[in-house]
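J.: Have a look at this one before I ask anything.
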Amino acid sequence: MTSTTRREILSLIKRRGPMTVQELSRSLEITPMGVRQHLAILERDGCVQSNGVRRGQGRPSRVYSITLEGDKVFPRTYEQIATALLDDVKSLDGEAKVDALFEYRRKRQLEQYRARMGGKDLAEKVATLVQIRNEEGYLAEGEQRDKDTFALIEHNCPIRAVAGTYRQACACELALFADALGAEVSRTDHIVAGAPHCRYTITRQRETGRKK
């Protein structure tokens, strides 16, 4: 969504609640037809939804409200809050408590990842990992180099502010991938270090025979 007018429409509905075409037209000082054109695009993109509501006498009016997708347009400070909370934990209980929190989160994620990867071979596990990371907002993609080697590329880091201060986040992420995939995983590019993406090399573990 690039239109300034569509952003203004969302902002008005955000501030005032569900609005009709006529109400938006008066507030924006554009024609009802122009408003309808913008609303059609917003509705197509899943940013607004419309419902018929009776307001006094006469025919029901169609009012437009913001969806969860449309609400994502507005700024969020989740990362800043998370970083501030970790700062407080560190101040109260020390660095070891921060380490323990990240490790607890890693173990919880590991259970979730393994539940979705059960019974799959490495190629299928990597594909599942890509799907999971996309669901988490990492804009991930996977590559297969040969039968034993894969790559995971993440073009976005939703926790960049946290990872920039607490590198435990990145260390736990690396361990999470290795444990979930049952493979050797190394990070070759790192967003926090200035790279445009995070890139991981995934290598099938070699079976080693043991003498009895």
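J.: Using only Cα atoms, tell me the angle between helix 4-16 and the longest principal axis of the chain; keep it within 0 to 90° and round to the nearest 10.
T.: Value to nearest ten degrees: 80.
J.: Could you pull out every residue, at least 5 positions away or on a different chain, whose amide H is within less than 5 Å of the one on S61? Hs are placed 1.01 Å off N in the peptide plane, and Pro or chain starts have none.
T.: Here the answer is V53, R54, R55, since their amide H atoms fall under 5 Å of that of S61.
J.: Give, as a single signed number, the net charge of other residues whose beta carbon lies under 10 Å from the beta carbon of A169, with Lys and Arg counted +1 and Asp and Glu -1.
T.: Counting the neighbours of A169, the net charge comes to +3.
J.: Would you calculate a helix-derived [θ] at 222 nm for the chain, using -39,500 (n - 2.57) for each DSSP H run of n ≥ 4 and dividing by the full residue count, to the nearest 500?
T.: -16500 deg cm²/dmol
J.: If you don't mind, there's one more thing I want to ask. Please list, in chain and number order, the residues 5+ apart from A140 or on another chain whose amide H is under 5 Å from its amide H, with Hs placed from the backbone.
T.: Excluding prolines and chain starts, which carry no amide H, the hits are N134, H155.
J.: Find the relative contact order for the chain and round it to a whole percent, using C-alpha pairs within less than 8 Å whose residues are 6+ positions apart.
T.: That works out to 13 percent.
J.: Right, something else. Could you point to the residue in T128, Q168, P75 farthest towards the positive end of region 55-188's charge dipole, with +1 and -1 charges on the Cβ of Lys/Arg and Asp/Glu respectively?
T.: Towards the positive end, the residue furthest out is P75.
J.: For the chain, find the longest principal axis of its Cα atoms and tell me its angle to the long axis of helix 168-181, 0 to 90°, nearest 10.
T.: That works out to roughly 70 degrees.
J.: So, one more: Tally Lys and Arg at +1 and Asp and Glu at -1 over the other residues with C-beta under 10 Å from the C-beta of A140: what net charge comes out?
T.: -3
J.: Rounded to whole Hz and in sequence order, give me ³J(HN,Hα) for region 118-131 from the Karplus expression 6.51 cos²θ - 1.76 cosθ + 1.60, θ = phi - 60°, writing x for Gly and Pro.
T.: x, x, 9, 7, 4, 4, 5, 5, 5, 4, 5, 4, 4, 4
J.: Next question, about the same structure. Give the calculated FRET efficiency between T165 and T188 to the nearest 0.05, with a Förster radius of 22 Å applied to their Cβ-Cβ distance.
T.: 0.45
J.: Classify region 61-212 as rounded, prolate or oblate from the Cα gyration tensor: take a ≥ b ≥ c as the square roots of its eigenvalues, call it rounded if a/c is under 1.5, otherwise prolate when a/b beats b/c and oblate if not.
T.: Here region 61-212 falls in the oblate category.
J.: Using a cut-off of 14 Å between beta-carbons, work out the net charge of the residues near T83 (Lys and Arg +1, Asp and Glu -1, T83 not included).
T.: Charge balance in the 14 Å sphere: +1.
J.: I would also like to ask the following. Could you work out how far apart the two model spin labels at E111 and E69 are, taking each label as a point 7 Å from the Cα in the direction of the beta carbon, and quote it in nm?
T.: 3.3 nm
Only the coordinates and a few stated rules stand behind these numbers; no lab work does. This is a predicted model, so every value here is computed, not measured. When we count neighbours, we look across all protein chains shown, and the Cβ atoms used for this are built from the backbone with ideal geometry, even at glycine.
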